Structures are given as C-alpha cells and as structure tokens.
Amino acid sequence: MPLCFIDFGRGLPYTTAFFLTESEGLMTLVELNAQQAQSLDEVTAAADASALEQVRIRYLGRNGSLPAIIKQMKDVPPEERPEFGKRVQAWRAALEAALTAKQSVAGAAKMDGNAFDCTLPGRWFAPGAKHPVSRVIEETAAIFSRLGFTVADGPDIENRFNNFTALNTPAHHPSMDASDTFWLTDDLLLRTQTSPVQVRMMTQYKPPVRIITPGRTYRRDTTDATHSANFHQIEGLYVDTKPVSLADLKSTLAYYAKEMMGSKAGVRFRPHFFPFTEPSVEVDFSCHVCGGKGCRVCKMSGWIEIAGAGMVDPRVYRLVGYDPEQVYGYAFGFGVERIAMIKYGIPDIRWLYENDTRFLSQLA
Ligand SMILES: [Zn+2]
C-alpha cells in the first residue's frame, strides 16, 4: 500500500496525511514536521556563514530535501495535494526566513564597532530652511544691487562719533542714555543703528557713494512681540556730486517695494524728523495683504509703516568731511525683522530667534 493514514486524534487540524518518503515512497505529516523542525534547529546551530550555507544547500539546494519532496507531488493523491503543497511551502518560507535572519545576525557580529552597516535604515534629518532674516537681507541686497548699490559692512562695536556725533545727534539726546544704549566704555558702545557704516564709508571715500548696510544693531529694549534688544537693520545711502533729489529716493524705494512685496505695492511719504536727514520722511508701503482696502495687518489704514528716510543733512556732510555745496544725497533705513514679519505673516518677533524647527520648517 503506497499510502499511510495517520490519525492524530489530538485535536490537530489534520486527521490524516500521507506524504512520500524516499525509502518507502511515503512521508507522514509527522515526519514532515520533524524534518522542518530539524532544519530550523540546524540553522540555529550553524556556527558560521559556511555552516549556514551547508544547511541551505542541504534543504534548498538543487539536490536538497525540499526540491526532492516537491518532485514527488505527482504521487500524492489529488485530494491531498493542496494541503501537501501548503505544508511544504510553509516549511520553505520558514526556513528561508530563518536563514536570512541568521545571516544578518552573523554579518552584524562580524563587524566591529567602527564598521558601516549598509543594511541599517538611514537616519532622518529635518530639512533646513533659510532664516527669514537672512532671506530679507539677501533679497534686499539683490534688489538694490540691480540699482547699482553695493553692500558695506562695519563692526558691531562703534565709537560715539560714528554712532551719534557724525549723524548730527545732539550731545544730550536721550538716545545716548545708558537706559537706551549698551555702553562699553565712555566712548565705545554696541551700535544702535547701522548708520555708522555710512559715516565710515563717507569718511573714507569720495562721492559717489551708493551703499546698503545690513547688520545687527543693539538697543536696551525690553523684549516683547514687536521689540528685541538685538535686531537687524538695513540702511541705504546714495551721495553723488550730480543732483540727487527726494524724487530719486521715492522711485528707489517704490522699486524696492514692488520687488519685495509684489508688483502692486505702492509707496507714500509722510513728513517726519530725523537728526541726520533734512527733509525727513516716514515711508509707508501699501498693504500687500488687502491691497490698500484696509485689513487687520495694516490696522484698516491700507498702509504699513516701513522705513525712515530723507535727504542727508548738510551738517552730516560737514562732519564727515564733504562739502555740502558740492554733494547731494539721500539715506533710508528700515528693520529687517519688520519686513520679514510683514512679508511672511509672522505675528511675534520672538519667533525669529527661538530656532523652533516647527516654525522654521513652515518657511521651507
Ligand atoms: Zn491691509
């Protein structure tokens, strides 16, 4: 009789099984299970990669046990074939999984602590984004460079002459108080504006001077949603021996407004006072959010205050060694953070300094 019926009788799902063996042409399910268990034990016992390979060849190789058993499929009664196939495939899958797992463990064990394991998943890094302050500075520099301006730089520590005196600040102006300015000595201070760079340029170079001066500035301000003790300014200066007028200033800032805030942005001047310019103006850009109709961003006015500007005061020319009768020029200045907050809709200046990646990644 070619087939052997096995009654498990122990509540197992299969009550009969009849697979072929090499000797008798029969293999019981019990034997099949025993061989599967043995193959897995051999994988576990394999001491190195070559032993593991021997196990693989013995069971899965061309002349191995599993292909031999599969070849005998034709001799299994048709009604038992599906179950036979399922069991053999389950054995093959279990054996292959065990071999793969053991190989990766063996591979990892072979490596020392410094080795690179190319099978490990990569580490994830949060993608960076350019900081809004850097973006505004770079965009501003690019826009003004198209108008012939160059970027000038100066030190954060300045002297009294460059920061105040040469800019026509009266000797007892409150902005010089220790409550407003970080004084380091009687003469040295952390610059309260980037205007001293203009003084440095004018004292060193003859006109024409056409510069913008982005940089850090320092004031004794209490930090809140719109103030910081350390912020950034960009100032601009154009001085020439050819006539330069307030209209030139306005067209320059109008060009900047359109390039920075969009082609619909407009600009308006309001009379004001600054010690180093005469006449002086405050500069508003039309609101880029509502287009001038009025919204919360512009406090319903349709305009947003952006910059201070004006024609350079003749007294400044004299203090830096220029002849006020021979030169013409304008200057302007604005806060970088203010532009960034308006342009990117940032409600609190402190967000710019906290380096919270949840905020910065929004700007990527
Ligand atoms: Zn608005």
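No other residue among S263, S228 is among the small types (G, A, S), open to solvent by 60 Å² or more (accessible area, probe 1.4 Å) and modelled with pLDDT under 90 apart from S263.
Annotation: G25 fulfils all but one of (1) out of contact with any Leu (no Cβ under 8 Å at 6 or more places or on another chain); (2) open to solvent by less than 40 Å² (accessible area, probe 1.4 Å); (3) modelled with pLDDT of 80 or more; the unmet one is (3). Taking each residue of the stretch 72-93 that is within 16 Å of Y59 (Cα to Cα) and aromatic (F, W, Y) and looking for partners that are open to solvent by less than 20 Å² (accessible area, probe 1.4 Å) and at pLDDT 85 or above with beta-carbon atoms closer than 8 Å, six or more apart or interchain, yields W91/S39; W91/L66. If the requirement is being within 19 Å of L147 (Cα to Cα) and hydroxyl-bearing (S, T, Y), which of these qualifies: S263, S286? So the residue among S263, S286 that is within 19 Å of L147 (Cα to Cα) and hydroxyl-bearing (S, T, Y) is S263. Where helices (runs of 4 or more DSSP H) fall entirely within the stretch 123-218, those with at least 2 residues that are touching a helix residue (DSSP H, G or I) at 6+ places or on another chain (Cβ under 6 Å) and hydroxyl-bearing (S, T, Y) are at 195-204. Can you say whether R56 is outside any loop (DSSP other than H, G, I, E, B), open to solvent by 60 Å² or more (accessible area, probe 1.4 Å), at pLDDT 80 or above and of a type in the set (D, E, K, R), as far as the supplied structure shows? Yes; evaluated as a whole, the condition is true for this residue. Residues of the stretch 199-214 that are in contact (Cβ under 8 Å) with a residue 24 or more places away in the chain and open to solvent by 10 Å² or more (accessible area, probe 1.4 Å): R200, M201, T203, P207, P208, R210, P214.
The values are calculated or read from the model by the stated rules, or taken from the named source; none is laboratory data. Here the structure is a predicted model, which means the values were calculated and not measured. Methodologically, a virtual Cβ is constructed for each residue, glycine included, from the backbone with ideal geometry; neighbour enumeration extends over all protein chains shown. Keep in mind that these areas ignore ligands, DNA and RNA; they rest on the heavy atoms of the full protein, side chains included. Shrake-Rupley method; radii C 1.70, N 1.55, O 1.52, S 1.80 Å.
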